[in-house]
Amino acid sequence: MASVFLTGGSGFLGGHLAEALVAAGHHVTASVRRTSDTRRLDRLELRKIELDLGVEGGPQAAAVLAECAAVVHCGALTRARDESEFMAVNAAGTRSLARAAADAGVRRFVFISSLAARGPDGAGGPVSPYGRSKAEAEAALASVRGSMQVAVLRPGGVYGPRDTDLLPLFRLAARGWTAIPRSHAPLQPVYVADVVSAVVAALDAAPAPLPLPIAAAERHSWDVVARALMAAVDRPGRVLRLPPAVFLAAGALSELACRLTGKPPAFDRRRARDLSAYAWTCDIEPSRRVLDPWRPRIGIEEGLARTAEWYRRRDWL
């Protein structure tokens, strides 16, 4: 088992990763920000240190990195007020951490990027500030590939227990309504446990020169997702198929409201376009070959049912 430095351990995906790495017997050091909610991490046998990837000259992790064989870099901003915030944390923060890890003698660096770095199907590149910041982070890792083994994983839309982004859809479905885009674009969302198992596999797999897409085995229409969502909350309902303009208007209104509070919006025009205008699919066969025996095992029906059950046990639904 290895000593692993994990960033983003207090987040949705990072929290699941922290649990899996500890359960696998790895010695984990998790970085947290001063404002992080660490209650879940506090229940695990791991060490925590403070590190803000977006603050130049902030607390240094060099001494801890020198003790670690691998880095799993999951920490990132998925919400920001402008592109400069995305770039400061997701791009510049990744560049600084990778250089520090290489200087400290870390052998393997596993970077959790995003399919947004590639962009939606047919776009030929990222189309959002978030996607551009992730693509910039991937490019920054090229400078350290000669010093340590680098694996870049690009998950698609990740969902599962503890996710708050999809919670409003579950609550709406529990009231008998499901709102989906009037779109024929296919979806390939991936259950969080399947992403976690891919990351764990990447710690031991042969280095891959190209980013590895991580998604579910099957592609679905929005109608299939709507039916699976209603089954997950165990309530028949009416499906509202809304035009993309409605989603974009909702994103714009959310951005406007958040300007008054100074907080990043949970739903913005970028997310509205991702949901209603773009297709997000990928070929996972190269990833299966590199990360063998990894493969996605949880389908959309089971994944949404597990998520709804987790919400119910905590009275979120």
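Looking across Val199, Val89, one residue alone is among the hydrophobic types (A, V, I, L, M, F, W, C) and under 26 Å from His220 (Cα atoms). It is Val199.
The set of residues in the stretch 118-150 that are among the polar types (S, T, N, Q) and surrounded by fewer than 20 Cβ atoms within 10 Å (Cβ to Cβ) comprises Ser143, Ser147, Gln149.
Looking for something touching a residue at least 60 places away in the same chain (Cβ under 8 Å), in a loop (DSSP other than H, G, I, E, B) and either at positive phi or exposed (fewer than 15 other Cβ atoms within 10 Å of the Cβ) (or both) - is there at least one such residue anywhere in the stretch 95-113? No: the stretch 95-113 contains no residue that is touching a residue at least 60 places away in the same chain (Cβ under 8 Å), in a loop (DSSP other than H, G, I, E, B) and either at positive phi or exposed (fewer than 15 other Cβ atoms within 10 Å of the Cβ) (or both). Of all residues in the stretch 88-110, those that are touching a Leu at 6+ places or on another chain (Cβ under 9 Å) and under 13 Å from Ser133 (Cα atoms) total 7.
A search for C-beta distances below 8 Å between a residue of the stretch 162-178 that is open to solvent by 70 Å² or more (accessible area, probe 1.4 Å) and any residue that is charged (D, E, K, R) and in a strand (DSSP E or B), counting only pairs 6+ apart in sequence or on different chains, returns Trp177/Arg238.
Checking each residue in the stretch 124-152 for being of a type outside the set (A, V, I, L, M), more than 30 Å from Pro264 (Cα to Cα) and assigned to a loop (DSSP other than H, G, I, E, B) picks out Arg145, Gly146, Ser147.
With respect to the stated conditions, Leu153 fails to be open to solvent by 20 Å² or more (accessible area, probe 1.4 Å), under 29 Å from Ala305 (Cα atoms) and not aromatic (Phe, Trp, Tyr). Confirm whether Val158 is touching a residue at least 40 places away in the same chain (Cβ under 8 Å) and in contact with a strand residue (DSSP E or B) (Cβ under 9 Å, 6 or more places away or on another chain). Here the answer is yes, as Val158 does meet what is asked. The residue pairs whose first member lies in the stretch 292-317 and is farther than 29 Å from Leu212 by Cβ, whose second member is at pLDDT below 95 and in a loop (DSSP other than H, G, I, E, B), and whose beta carbons are closer than 6 Å, counting only pairs six or more residues apart or on different chains, are Tyr311/Leu317.
The values are calculated or read from the model by the stated rules, or taken from the named source; none is laboratory data. Remember, predicted model here, so these are calculated numbers, not experimental data. Reconstructed Cβ throughout: ideal geometry from the backbone, glycine too, with neighbour counts over all protein chains shown. For accessibility, only protein heavy atoms count, side chains too; no ligands or nucleic acids. Shrake-Rupley method; radii C 1.70, N 1.55, O 1.52, S 1.80 Å.
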